[in-house]
Amino acid sequence: MVPFEYVNASKLEDLPTLLSRKWNESVVLAGGTDLLDMLKERLIQPKRVVNIKNIKELYGIQNGQNLKIGALTTIAEIAQNEMIRKKYPVLAQAAFSIATPQLRNMGTIGGNLCQRPRCWYFRGREYVCLKKGGSKCYAAEGLNKYNAIFGGGPSFIVHPSDSAPALRALGASVEVFGPDGTETIPLDEFFELPIDNLRRENVLRPNEIITKIVVPEPEPGTRSIYLKFREKQSMDFAISSVAAVLQMDGQRVKKASIVLGGVAPIPWRAEAAQSELEGNVLNEGVIKKAAAAAVSDAQPMKYNAYKIQLTKNLVRRALEQLA
Ligand SMILES: Cc1cc2nc3c(=O)[nH]c(=O)nc-3n(C[C@H](O)[C@H](O)[C@H](O)COP(=O)(O)OP(=O)(O)OC[C@H]3O[C@@H](n4cnc5c(N)ncnc54)[C@H](O)[C@@H]3O)c2cc1C
Ligand code: SF4
């Protein structure tokens with residue numbers, strides 16, 4: 001770890017002066033479960049680390065007209081919250097699927113959305129790939145078993161967060177605080193593909209932070225589920241996952257929101273699957289068509305075509321469980 005200055009921010013208003021306008025001069029510390037690895041591996045070498053954990057307004061879960069979750073709320077608090085389990089099962093299930101109890105106790109929801117990719121070339125100090133400012137994507141012709149089947153190029157990372165597909169499927173937004181004040185950004189617009197932003201994964205600027213996540217009240221008749229496939233059942237990142245939120249009108253699907261995890265550089269909205277579902281009775285035939293549509297535009301790499309069938313099966317199972 002390269003030495004750095006450590007600063008405690010005690011209120012939001014401290015941040016514009018503490019955080020630099022340039023990446024890697026300063027960095028935000030929440031639970032530290034990802035950031036400390038990045039620092040120890042010297043993947044980032046900031047001059048200053050700004051601890052935000054003393055900022056009181058970043059904590060807590062409020063359920064009024066919308067669900068509001070402070071960015072420093074831990075993953076464990078979300079997984080265990082009775083109201084979230086009842087009203088937003090997809091979010092509680094996604095949170096529960098993350099890592100281990102210890103990591104869920106330390107890791108925050110803001111940090112989970114902003115965590116950096118797990119591509120082993122990105123995490124390996126010896127590889128200076130495109131995402132780290134180098135000239136080559138090592139995964140493109142290398143070991144790409146875990147990389148993207150959608151939305152890849154020129155980097156083929158997959159977004160590692162489990163909460164992100166669930167929150168995107170629920171139509172959530174993030175509130176972002178920066179030098180210009182507070183802004184609300186729908187998650188549909190928050191994450192960015194490598195083709196638009198090669199070095200980062202979202203629209204946040206270096207001196208901005210997520211302060212809270214806002215999730216709309218579910219419409220009557222809404223059902224939701226999160227299914228995740230991982231190699232190690234004890235704890236692992238998603239090889240593929242699906243967040244499915246259906247608003248039902250009797251047997252018919254009024255509105256469908258299907259977002260895939262572990263298969264694209266951003267939580268990936270399966271628009272073709274949504275179209276197959278909306279307006280139709282949720283029967284075996286429709287489910288089969290929607291599952292096939294979810295992967296119809298997949299572009300596998302040399303070693304990850306297995307993710308297509310896997311994802312198709314996950315979508316089918318998720319929809320069967322919601323039927
Ligand atoms: C062994 C292991 C297994 C894991 N398994 C999973 C898994 O199965 N599923 C999954 O989803 N995740 C998994 N994770 C990732 C883990 O969930 C994240 O590391 C954690 O959620 C990050 O939260 P944190 O508060 O510790 O963030 P930190 O480590 O403090 O920060 C992470 C990043 O987010 C930035 N950041 C933090 N908070 C904010 C904010 N409010 N606004 C803007 N930027 C911010 C930091 O600057 C940093 O870049 C795993 C991690 C480990 C180490
Ligand atoms: S997929 Fe992205 S992070 Fe991985 S080697 Fe290629 S450029 Fe680097």
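Brief remarks on what is shown
- Restricting attention to region 30-48, the residues being open to solvent by less than 30 Å² (accessible area, probe 1.4 Å), more than 15 Å from LEU113 (Cβ to Cβ) and either assigned to a loop (DSSP other than H, G, I, E, B) or within 9 Å of ligand 1 (Cβ to nearest atom) (or both) number 4.
- Candidates ALA140, ALA95, filtered to the one that is more than 16 Å from ligand 1 (Cβ to nearest atom), touching a residue at least 24 places away in the same chain (Cβ under 8 Å), outside any loop (DSSP other than H, G, I, E, B) and farther than 20 Å from ILE185 by Cα: ALA140
- Any chance LEU72 is within 16 Å of ligand 2 (Cβ to nearest atom) and either within 17 Å of SER163 (Cβ to Cβ) or in a loop (DSSP other than H, G, I, E, B) (or both): no
- Output for region 255-277, where each listed residue is part of a strand (DSSP E or B) and within 16 Å of PRO194 (Cβ to Cβ): TRP268
Yes/no matrix, rows are residues, columns are (1) out of contact with any strand residue (DSSP E or B) (no Cβ under 9 Å at 6 or more places or on another chain); (2) closer than 15 Å to GLY152 by Cα; (3) among the acidic types (Asp, Glu):
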site: GLN251; (1), (2), (3): no, no, no
site: SER257; (1), (2), (3): no, no, no
site: GLY261; (1), (2), (3): no, yes, no
site: ALA293; (1), (2), (3): yes, no, no
site: ASN304; (1), (2), (3): yes, yes, no
site: ASN313; (1), (2), (3): no, no, no
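- The set of residues from region 192-206 being within 16 Å of ligand 1 (Cβ to nearest atom) and crowded, with 22+ Cβ neighbours inside 10 Å comprises just one member, GLU201.
- Residue check for ILE266: modelled with pLDDT of 95 or more, buried (at least 22 other Cβ atoms within 10 Å of the Cβ), within 16 Å of ligand 2 (Cβ to nearest atom) and within 30 Å of ASN24 (Cβ to Cβ): yes
The values are calculated or read from the model by the stated rules, or taken from the named source; none is laboratory data. Being a predicted model, the structure only gives us computed values, none of them experimental. Here Cβ is always computed from backbone atoms with ideal geometry, including for glycine, and neighbour counts include all displayed protein chains. Heads up: the accessible areas ignore ligands, DNA and RNA and are worked out on the full protein's heavy atoms, side chains in. Shrake-Rupley method; radii C 1.70, N 1.55, O 1.52, S 1.80 Å.
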